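Some notes on the structure that comes next.
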Amino acid sequence: MKVMGRRRDRSSEAVVVVSLTGLAIVLPFARSAVLLATGGIAAVVLATIAMVRRMPAAGSIGLLLVAFLALGVTGLRPKRLLFGLAVVVYVMAASRLPWLREVAPWRRVWSCNLRQGAVGAAVGLVAGLALWVWYEQRPEQLADIIDLTSDWSIWTLSSLGVIAAVVNAVVEEAVYRGIVQDSLERVLRPGVTALVLQAAVFAALHFPSGILQGFAGVGLAFSYGLVLGLLRRRSGGLAVPVIAHTVTDLVIVGVVLARFVA
């Protein structure tokens, strides 16, 4: 009876996790206030169920999604700020709820050897060079960054760019390849479905804003998310995808610096 009960609990959590993941994928594409409101209410209901029933995987994704949506309603911008604050909300909740820490990617963050680190750096460099070509064809996608930094000195831009690249990589990998992927694999088992869903969430948030915009940008982000998810799974930790993501972001910083100097 206990085994059957655990299976039912696992199945119930899987339904909630997949539903919340689906909302995270769909809501960035919504252009109707009614659809956004309906999706937001559904996310709150599902997250509440997950928290009340102490579902670690569903609770983690639900808490992040609801925090992001709630902060978005306040009108705070840019998206990176909302994302970072949502992570702060999650960390604060996880620090007080031991059962929520069962999905805790930072416990395995440094699972990496020299060969894996080199592979991560190589993947990041290839992705970064691909993005360089992408931006040569679509310079308007860097217009906001160029305008924001137009009055900065090259030393300010360089130093802040490096810091931003590292922080962005650590935060995004902790969320997507950490919390989201760990949550999906906890209820769906490591496989293609979990890998595809975490990449889809990663890609969807690049549609309305970010450095890869539009449907073509979503496709690139999705492919990159798959590769980072594979690195996460093969290495067993977050260090390798963080290295790859950091190198890619540093190449983007290089693109901005090149345009700045020009």
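The values are calculated or read from the model by the stated rules, or taken from the named source; none is laboratory data. What you are looking at is a predicted structure, and each value in this text was computed from that prediction instead of being measured. When we count neighbours, we look across all protein chains shown, and the Cβ atoms used for this are built from the backbone with ideal geometry, even at glycine.
Structure summary
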| read-out | value |
| --- | --- |
| Some residue of the stretch 170-184 being outside any helix (DSSP H, G or I), at negative phi and surrounded by 19 or more Cβ atoms within 10 Å (Cβ to Cβ) | no |
| Residues located in the stretch 234-262, provided they are of a type in the set (D, E, K, R) and surrounded by 17 or more Cβ atoms within 10 Å (Cβ to Cβ) | 249 |
| Subset of the stretch 188-237 that is modelled with pLDDT of 90 or more and among the aromatic types (Phe, Trp, Tyr) - its residue that is nearest to residue 61 (Cα to Cα) | 202 |
| Only one of 231, 257 that is assigned to a helix (DSSP H, G or I) and closer than 21 Å to residue 133 by Cβ | 257 |
| Lone unmet requirement of (1) touching a residue at least 40 places away in the same chain (Cβ under 8 Å); (2) part of a helix (DSSP H, G or I) for residue 190 | (2) |
| Selection status of residue 14, surrounded by 21 or more Cβ atoms within 10 Å (Cβ to Cβ), among the aliphatic types (A, V, I, L, M), in contact with a helix residue (DSSP H, G or I) (Cβ under 7 Å, 6 or more places away or on another chain) and outside any loop (DSSP other than H, G, I, E, B) | no |
| Options 68, 83, 29: the member that is closer than 20 Å to residue 218 by Cα and either at pLDDT below 85 or in the same structural domain as residue 173 (by TED's automatic domain parsing) (or both) | 83 |
| Selection count where residues are aliphatic (A, V, I, L, M) and in a loop (DSSP other than H, G, I, E, B), scope the stretch 234-254 | 1 |
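Table: residues versus (1) more than 26 Å from residue 200 (Cβ to Cβ); (2) more than 17 Å from the chain's Cα centre (by Cα); (3) modelled with pLDDT of 90 or more.
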| residue | (1), (2), (3) |
| --- | --- |
| 124 | no, no, yes |
| 127 | no, no, yes |
| 136 | yes, yes, no |
| 142 | no, yes, no |
| 147 | yes, yes, no |
| 150 | yes, yes, no |
| 159 | yes, yes, yes |
